[in-house]
1. Sorted by average packing, counted as other Cβ atoms within 10 angstrom per residue and highest first, what order do 432-440, 404-412, 93-101 take?
2. Which three lengths, in whole Å and largest first, does the stretch 38-222 cover when its Cα atoms are put on their principal axes?
3. Can you compute the modelled spin-label distance between residue 340 and residue 417, with each label point 7 Å from Cα toward Cβ, in nm?
4. Dimensions of the chain along principal axes (Cα, Å, largest first)?
5. For labels at residue 483 and residue 113 in the simple 7 Å Cα→Cβ model, what's the distance in nm?
6. At a 10 Å Cβ-Cβ cut-off, how would you order 206, 82, fewest neighbours first?
7. Can you work out the FRET efficiency for the pair residue 314 and residue 446, with r the C-beta to C-beta distance and R0 = 22 Å, to the nearest 0.05?
8. Once every DSSP H run of n ≥ 4 in the chain is given -39500 (n - 2.57) and the sum is divided by its residues, what mean residue ellipticity at 222 nm do you get, rounded to the nearest 500 deg cm²/dmol?
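Quick note: the coordinates plus some simple rules give every number you see, no bench work behind them. Please read all numbers here as calculations on a predicted model, not as lab measurements. Neighbour counts run over all protein chains shown; Cβ positions are idealised from the backbone, glycine included.
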């Protein structure tokens, strides 16, 4: 129960911090969208399609490696190995971070001219390269804080980083926007790069102080920690390289495919920007809770595996999957019902609302897949996840190449649906093979779906009778009704309430 409390309190903390940061980030994204416009957001997304691969290379799975090694050392009662493991993780981060920095700076020009087809990407990519070592080192330290269940320290650093990033970026945009879209993107990336360096300095200071809590002489030392780190991180890194590379190719092909479909260069970047820069941040906004939970599950499951606690693993997996689906179905219902209104209210763009509604039904699958991936990593199944993710990315590239020129941006939405469903099905199959967990379609899917439909319909009736004109109030009414219908249908039962009560006590 003590460990359950630790999970619960860390989850509550991470949820509030992450949701708060997502709210701030969403508001900041609206500001950036207003300054850059749809075309500018499309150009920034194009730059980050390459930048995303660079970040993937720089981190190279070190977050999972540091989290797993630290959790396993604590599970064995060897605090001495906590220090030794983190020294190796930091050295690993420095190698990949500095290598990524040098490669990105050297290749910025040829990538921008010959691959992205836009010279405006050169300077932003060069600036982004200097942030890579700091991002890599921060990723290693973040894994440590998650494993020792002191996520509040990492959360505090992230809050400071985001506030610092916003202040810098707003100032840089004011100075550089008059020079054109290229320099507007430079302003956004420069603010992010400086804030990443600031975040690392804060994280490193906090980590050095926190490390004194672990007795360097307590417990037996395990040999070959370096090899163990490589065995955990490199398979994840190789998977991420291939997948991120394929995703980068996919995102480069999308504007080109839209041009073949009949859109001009500006229109293609604008459509791409609306889907990825406006609609997807709203669709993924509630995922803050799932991301926080998934991150906590990795070391918890890894520690339970090391201690041989199979029954505890089964209980964690079963409850987590069910609550994730209840949450995902509720979010999908809300965005399907209020997507158009949110698109206009947040971005003043009806197209953003259209894409929000189009992507809303996929939300339960996306969230479910995210939590399952975290569980598989905790069970040591990163090699399987690697194969699934590579297959997913490869098929996405193939489908984008053939379908987007024929069907346009809606063809790309179809591709997201198809591959997300396939990816989730493969991951869930593996999880069921590893854990004795029984999936209940009736209680986990059918009843929640009926509950959100009933809640949404009843809210419409209430709004006509009162009437309710505020969108936020309408969404809150819908969620309250959804929880009520979940209780009536026993999808959210007394055992869940008792779990929350016991965790709080």
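1. Details: 432-440: 13.9, 404-412: 18.2, 93-101: 20.1.
Order by mean packing, descending: 93-101, 404-412, 432-440.
2. Cα extents, longest axis first: 59, 32, 22 Å.
3. Using points 7 Å along Cα→Cβ, the separation is 1.9 nm.
4. 64, 61, 41
5. Simple spin-label model gives 5.9 nm for this pair.
6. Working: 206 17, 82 25.
Ranking 206, 82 by Cβ neighbours within 10 Å, fewest first, gives 206, 82.
7. Efficiency at R0 = 22 Å is approximately 0.40.
8. Only helices count here, giving -29000 deg cm²/dmol.
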